[in-house]
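A quick write-up on the structure given underneath.
The values are calculated or read from the model by the stated rules, or taken from the named source; none is laboratory data. In this text, all values refer to a predicted model and were calculated from it rather than measured experimentally. When we count neighbours, we look across all protein chains shown, and the Cβ atoms used for this are built from the backbone with ideal geometry, even at glycine. Keep in mind that these areas ignore ligands, DNA and RNA; they rest on the heavy atoms of the full protein, side chains included. Shrake-Rupley method; radii C 1.70, N 1.55, O 1.52, S 1.80 Å.
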Amino acid sequence: MDFNMIQYFKSDIKSKAKFHISLGHETVMAKVTLFSSPAKNEKSGGGFDFDREYQFDESYSKNSEKSDESDGEASLPRDRFVLLEFETAVPVLPECIVIGSKLDTDINANLCRLAFHGKALKTFTTKDFAKTDLPNLKIYKDKCKEGVVERASNEYEVIVKDLVKKETNVDLFTGLKVELSTGEPGVIEGSFGQSGKIKVRVMQGLKPDTFARVGGGKKKKGENTGFTEPVVVKLKFKRYIFDEKKKMIQL
């Protein structure tokens, strides 16, 4: 359903929380999952579409619209949606009005219990919708892993530690793009040894300053290179929350 927060509701609305959902003559508990995407105008086909990708949102608040302005897509408003997973099956009419509330809030508290409202946009009718339908919903989380360059084998290859755990299957990461904190892009080539280290190929070669910091193999005990800050390697990717295989996706 599309998401519209009721301005008098003072608390944050968080993904995975449960709300009382009223639609038609029914009020049933449901778990919510919040997601959004940059808004599209009607001419370009705005609204919900299974072909679009959506960013997972941890929470919405009264200030959510303002917080968007601090994101990378600062100038774009966002289309906001919420997935409802009901505890029991309920009849749903297309585009019916849906209201989410916190009816278990203390009735003596001077607080609005109505949290959000919207229209039902899509429905799932199969009992095992979590396996058959939800994987088609492209809601992703941005992920970032960090490691440190231990040394450079040469100007085009570095050995990285702490990016993955020792027991991790490095083959899952082979071919993924990374970036050094000094600006050079690289690609993961595979594992190095048995302790969780990996090899990264720097296609354009290390900058002279970078190679001076990490090159020359292992340093002698007590040797001071003059550099105190390590060269950090970042692996950025996104993962669809309903993908059972948990694939890592990069552009």
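For segment 235-251, a tally of residues being among the basic types (Lys, Arg) and either surrounded by 14 or more Cβ atoms within 10 Å (Cβ to Cβ) or more than 15 Å from Leu176 (Cβ to Cβ) (or both) returns 4. The requirement of being modelled with pLDDT of 95 or more and either under 18 Å from the mean Cα position of the chain (by Cα) or surrounded by fewer than 11 Cβ atoms within 10 Å (Cβ to Cβ) (or both) is fulfilled somewhere in segment 83-104, by at least one residue. It is to be established whether one or more residues within segment 151-161 are touching a helix residue (DSSP H, G or I) at 6+ places or on another chain (Cβ under 8 Å), open to solvent by 30 Å² or more (accessible area, probe 1.4 Å) and in a strand (DSSP E or B). Yes: segment 151-161 contains one or more residues that are touching a helix residue (DSSP H, G or I) at 6+ places or on another chain (Cβ under 8 Å), open to solvent by 30 Å² or more (accessible area, probe 1.4 Å) and in a strand (DSSP E or B). For segment 1-25, the set of residues classified as polar (S, T, N, Q) and within 20 Å of the chain's Cα centre (by Cα) consists of Ser15 only.
Checked against the criterion of being modelled with pLDDT under 90 and either in contact with a helix residue (DSSP H, G or I) (Cβ under 8 Å, 6 or more places away or on another chain) or in a strand (DSSP E or B) (or both), segment 18-36 contains not a single residue that satisfies it. For segment 120-143, state whether one or more residues are open to solvent by 60 Å² or more (accessible area, probe 1.4 Å) and farther than 27 Å from Glu244 by Cβ. Within segment 120-143, none of the residues are open to solvent by 60 Å² or more (accessible area, probe 1.4 Å) and farther than 27 Å from Glu244 by Cβ. List pairs: first in segment 107-134 and without any contact (Cβ under 8 Å) to a residue 60 or more places away in the chain and closer than 22 Å to Arg52 by Cβ, second surrounded by 13 or more Cβ atoms within 10 Å (Cβ to Cβ) and β-branched (Val, Ile, Thr), Cβ under 9 Å, 6+ apart or cross-chain? Final answer for the pair search is Thr123/Val92.
Here Ser195, Ser191 are screened, and the one residue that is small (Gly, Ala, Ser), in contact with a helix residue (DSSP H, G or I) (Cβ under 6 Å, 6 or more places away or on another chain) and either on the phi > 0 side of the Ramachandran plot or open to solvent by 10 Å² or more (accessible area, probe 1.4 Å) (or both) is Ser191.
In segment 145-156 there is no residue that is out of contact with any strand residue (DSSP E or B) (no Cβ under 8 Å at 6 or more places or on another chain) and β-branched (Val, Ile, Thr). The set of residues from segment 163-187 being over 17 Å from Lys246 (Cβ atoms) and either β-branched (Val, Ile, Thr) or without any contact (Cβ under 8 Å) to a residue 24 or more places away in the chain (or both) comprises Val178, Thr182, Pro185, Val187.
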